[in-house]
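Values quoted throughout were computed directly from the atomic coordinates according to the rules given, and no laboratory measurement underlies them. Source: prediction; values computed, not measured. All Cβ positions, glycine included, derive from the backbone under ideal geometry; neighbour counts span all protein chains shown.
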Amino acid sequence: MITTVTLNPAIDTRYFIEDFKEGRLFRAEKTIKSPGGKGLNVTKVLRQMGADVVATGIIGGKNGEWIQENLKKMDIKEEFYVSSAETRVCIAVLAKHSETEILESGEELTDSDLRAFEKKLMELVEKSDVITMSGSLPKGMDAGYYQKLVELVNRKGKKVILDTSGKSLLEGVKGKPYLIKPNFDELEYVLGESIDGRDKIKKAVEKLKNLGAQNVLVSLGGEGAIYFGEEILKITIPKIKIHNTVGSGDSSVAGFAKGLDDGLELNEILKLSMACGMSNAQSMETGRVIPEDVKEFMENITVEVLKI
Ligand code: TA6
């Protein structure tokens, strides 16, 4: 079983406004609301791929109830800890050639919320082999909180995939997660300088590994990915028509988690991870994949040892 952790879930609200520009009044042509936050996008993809998955995290208020109701409609199992803090809303404005995102920070949680959540998490960890932890931390939460959660799960001998950014990534890796999946921007933050080639990528990854990350999957968008494990592997993907890459990172996390949970060998796990990201990129929806496309993409993805 896979448990997905979303500490800062959201109602993702997407406004379609073809000619959107700042400073003017617009009426949305279309509005789509869905359960969001990176961890719930991972959950949605795992559910579509037929994985045995349970979503947890911390949720609250009317927004939290709305998310729980809609996860139920999506036939997604969830065991969120319910707090009194109202769950946030994240807005995306989709214009003709751009997407603008406004992410609320999420309300502060109390220590008793965190203790109660940790108890719920550990109950689920007992029944899980793979745990994913994704996204930002709510306002006021200590940047090292992921480190504590990763250490709690590692002590149970389970594998953690951590997908976050900024200080929560730099602190979270100290818990020694099995895998992290930084993108370019996150690597540049880690390195503290711009990255213009594979040497700089390797330097940033080595810094993350020295801090504690066991394995690192660096997503390169249309260029595929580089996996830094016992070996360095280059994953090459075919060119495809892209509609919306938002959520593709979360989908790659889901593919990796499913491959790991299914006991696939590493090359197949990496292909599944990339193929899920590709399928999501062909959908206007965040956290949407087509299993048949994922299977077909996997046949055209290559994995080879990289000497850098
Ligand atoms: O923008 C894509 C997305 O995955 C949305 O689900 C939105 O909720 C946002 O990211 C959340 O990001 P965060 O890092 O705050 O969890």
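Brief remarks follow.
- Between Lys156 and Phe184, the contour length at 0.36 nm per residue exceeds the alpha carbon distance by 6.9 nm.
- Too-long pairs where the Cα-Cα distance tops 19 Å, listed order kept, from Lys44/Lys234; Lys33/Lys73; Lys176/Lys209; Lys30/Lys73; Lys271/Lys295; Lys258/Lys295: Lys44/Lys234; Lys30/Lys73
- Amide hydrogen neighbours beyond the local backbone of Asn215, cut-off 5 Å, H modeled: Leu179, Ile180
- The loop-placed trypsin sites (Lys or Arg not before Pro) in the range 168-265, going by DSSP, that have at most 10 neighbouring Cβ atoms within 10 Å of their Cβ come out as Lys239, Lys241.
- Here's how it looks for Val89: its modeled amide H is under 5 Å from those of Ile11, Glu104, which are all 5 or more places away or on a different chain.
- Gyration tensor verdict on the chain (Cα atoms; rounded if a/c is under 1.5, prolate if a/b is larger than b/c, oblate otherwise): rounded
- Only beta bridges with both residues in the chain are counted; by DSSP, about 45 percent of them are antiparallel.
- Gain on full extension, evaluated as 0.36 nm per residue between Ala28 and Thr100 minus their Cα-Cα distance, stands at 24.6 nm.
- Restricting the GluC sites (Glu not before Pro) of the range 214-308 to loop positions (DSSP other than H, G, I, E, B) with no more than 12 neighbouring Cβ atoms within 10 Å leaves Glu230, Glu231, Glu265, Glu299.
- Two-site FRET efficiency, Asp196 against Lys120, from Cβ-Cβ distance with R₀ of 25 Å, rounded to 0.05: 0.05
- For the range 31-36, backbone phi angles converted through the Karplus equation (6.51, -1.76, 1.60; θ = phi - 60°) give residue-by-residue couplings of 10, 10, 10, 8, x, x Hz, Gly and Pro being listed as x.
- Two-site FRET efficiency, Lys307 against Glu268, from Cβ-Cβ distance with R₀ of 22 Å, rounded to 0.05: 0.45
- Taking every C-alpha pair closer than 8 Å and separated by at least 6 residues, the mean separation divided by the residue count of the range 181-222 gives a relative contact order of 53 percent.
- Among Asp129, Asp250, Asp163, residue whose mean-square fluctuation peaks in a GNM of the chain (springs only between Cα atoms under 10 Å): Asp129
- Mean separation of Cα contacts under 8 Å (6+ apart) over length of the range 63-159, as relative contact order %: 23
- Bins of 10 Å from zero: percent of alpha-carbon pairs in the range 161-253: 16, 52, 28, 4
- Inter-label distance for Ser112 and Lys176, nm, one decimal - labels placed 7 Å from Cα along Cα-to-Cβ: 3.5
- Rounded to the nearest 20 debye, the dipole magnitude of the chain is 100 debye, with +1 charges on Lys and Arg beta carbons, -1 on Asp and Glu beta carbons, and the Cα centre as origin.
- Shape category assigned to the range 142-181 from the gyration tensor of Cα positions, a/c cut at 1.5: oblate
- DSSP-assigned coil residues among trypsin sites (Lys or Arg not before Pro) in the range 14-116, each with at most 10 further Cβ atoms within 10 Å: Lys21, Arg24, Arg27, Lys96
- Residue among Asp142, Asp262, Asp19 with the largest mean-square fluctuation in a Gaussian network model of the chain, springs linking Cα atoms under 10 Å: Asp19
- Annotation: the antiparallel percentage among DSSP beta bridges lying fully within the range 25-152 is about 50.
- Remark: the range 162-221 carries a charge dipole of roughly 280 debye about the Cα centre, counting +1 on each Lys and Arg Cβ and -1 on each Asp and Glu Cβ.
- Cα centroid separation, the range 1-64 to the range 88-164: 14 Å.
- Prolate/oblate/rounded label for the range 1-142 (Cα gyration tensor, a/c 1.5): prolate
- Theoretical gain in end-to-end length, Lys62 to Glu86 [0.36 nm per residue, Cα-Cα removed]: 7.9 nm
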